[in-house]
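The numbers here are math on the coordinates, done by the rules we state, and not lab data. Computed from a predicted structure; not experimentally measured.
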Amino acid sequence: MTGEDTVITVTRQPISLVQLIGWGAIILSQGVSLGIYYSWTKSGIDNAATKSDLAEIAVKVDDTERYRVTRALSTDKNFDDIRSQMAGMPDLRFTQQQTVKEVAEQKAQLVEANKRMDRIVEMLGGKLDSISNDVNTVKSDVRLLSSKVDGLAPEKRAELNAPPAELVKRVE
């Protein structure tokens, strides 16, 4: 130091009752906290896995791993079986495409057949109209001839409901 002595003076103040209670509460809460921490630590140590527990867990993990391996092999075998059964599936896709083409061709053929049927129906309709006109012409010709025959011999006119005279004579 520089040669001068430093003097420290300490003044004593009296401790009040409130300060004493406050310091006591702090010390008490610290003790309770340490007790709780110790209790948790102790129960954690008591509950910790022992070597036998660890060995049991290791056995279970090993068993699970063995099961996983055998299950994986079984699953791989199943997938191989499915793949071998599905070997013909690309042909099925080709068959589907071929079927779609055939259906389209059949639809086109059906449309053509419908057109032909429509032409036949139109032709038959025209022929039926022609036949109907011809029948009407023949009918009118028959009426004309019938009226001419009736005009030449009115007494020999045939009655529709009367039986022929020869039959009437034979019955009497």
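The alpha carbon convex hull volume per residue for segment 25-153 rounds to 447 Å³. Applied to segment 96-102, the Karplus parametrisation 6.51 cos²θ - 1.76 cosθ + 1.60 on θ = phi - 60° returns per-residue 3J(HN,Hα) values of 4, 5, 5, 5, 4, 5, 5 Hz, with x for Gly and Pro. Full extension of the chain between ILE15 and GLN98 yields a length gain of 19.2 nm, computed as 0.36 nm times the residue separation minus the alpha carbon distance. For the pair ARG66 and TYR37 in one chain, pulling the backbone fully straight at 0.36 nm per residue adds 6.2 nm over the alpha carbon distance. You can think of it this way: the chain between ILE120 and ALA87 has 6.8 nm of extra reach, that is 0.36 nm per residue less the Cα-Cα gap.
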